[in-house]
Amino acid sequence: MKRLFLGFFIVLSVLGFSQSDTAQIVVADRKNTPQALTKPYVILISADGFRHDYAKKYNAKNILKLAENGVSAKAVIPSYPSITGPNHYTMITGLYPSHTGFVDNYFYDKKRNDLFGMSMQSKISDGSWLGGMPLWSLAEQQGLLSASLFWVASNSDAGGIRPTYYYDYHEKFTADEKINIVLNWLKLPEEKRPHFITFYFPEVDKNGHLYGSESLELQNAVQFVDDAIGKLIEKVNELQLPNVNFIFVSDHGMIDVDIESTLEIPALLQDKTRFIVNNAQTLLRISVKNESELNQVYRNLKKNKTRDYEVYLTEKFPKRLHYRTTDDRFNRIGQILLVPHAPKIFLEPNARKTPGKHGYNPFKVPEMKASFAASGPAFKKGKRIGQFRNVNIYPMVAEILGLKITEPIDGKNCTAKKVLK
């Protein structure tokens, strides 16, 4: 996971978990409506950092079989920036990060005068930080029960309603324990059984960061996730439930970066009385506290930049990335963006160097692109399509489950039309 995320879990490993930290949370007194009982099942599985070419490159036989029996895409185009928190939340809301307010794994909110971090339980569980209507909220509103095993923000009340069954994030469960949780959900009495389940694997991303995309550790992580997905599908199919659909996705890819010759943050930006600087290493976001200085600061940064990165006013950032000032509904992105050319990264002195990164523009760095494969009664068989934006996953799932989309989204139905029967 990301730097902030890793630090959080190092702290937890020292302090230790109490039983309540790993306990399932169940919202009482909910049940499926009679209409929901007739709906299909959707199990949406994410493998963090599972690049678009990993399945073939590392012979992930179960994921390849899922694609062969159903549909797959050449690639999924992640939203910008191509990092974990924003993209998981984008897939589950159908909105670009700039429209949900989840603009980075960590960010400063000027109006609140507070910092949000994906790994901060008090923040990620507080839905007032985030916009949009997550799919589990949409399902619950319309009488269809949902469950989530560690999808980003699934313990949040964003959208007004949490899943009926969910967990606060931790990494204590084995793959078999996770699979058994899903099986137990699907063995519940019909009125209590979730029809929409989200499921998350962190292993590929973690090993990609630590060891790189060509490493044996990364290959083993791909096989680990693939084996778990194969077992999950096998065990669920043994239940012989009607109309179960499996969707495998990832949030972004991974690239090996230059950790020998990293970029320094410009000295001008070291003045914390004038600037708030958020460094995601593949993207540097700058908020200028005194607006009257903005143009002068921009010109200075532009004049003194190297050929290894670009300097943008956020208001003039590439339009197709949906990360401009006009897109920034929560005013969290900042006014200036420094964007390194892959494989370059910005790195503070004494910061830990890890070879794998993501976050770059997926239209310029194809290694950022993600994966998609799906199979089940709702999907065509043996269908392969081109690449599509990840905001389109939301309307696809909503159509399978027969949910009415009640709020505007950025996702389009074009992908659903290509892959659904």
- Task: Distance between Cα centroids, the stretch 103-139 to the stretch 185-199: provide it in whole Å.
- Result: 27
- Identify the chymotrypsin sites (Phe, Trp or Tyr not before Pro) of the stretch 321-421 meeting these criteria: DSSP loop state and at most 14 other C-beta atoms within 10 Å of the C-beta. F363
- Query: Which net charge results when you count Lys and Arg as +1 and Asp and Glu as -1 among the other residues whose beta-carbon is under 13 Å from that of N155?
  - Reply: -2
- Quick one: what do you get for the stretch 322-421 if you divide its Cα Rg by 2.2 N^0.38 Å? 1.44
- In debye, nearest 20: dipole of the chain around its Cα centre with unit charges on the Cβ of K, R (+) and D, E (-)? 1280
- Message: When only alpha-carbon atoms are used, what values of Rg and Dmax, in angstrom, describe the chain?
- Response: 21.0, 66
- Item | Considering only the chain, percent of DSSP beta bridges that pair antiparallel, nearest 5 | 55
- Taking a threshold of 21 Å on the Cα-Cα distance, which of the pairs K31/K123; K235/K421; K65/K381; K231/K369; K302/K353 fall above it? K31/K123; K235/K421; K231/K369; K302/K353
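Taken together, the values in this text are just the output of simple stated rules run on the coordinates, not laboratory data. Since this is a predicted model, take the numbers as computed values, not measurements. Using ideal geometry, Cβ is built from the backbone for each residue, glycine included, and neighbour counts are taken over all protein chains shown.
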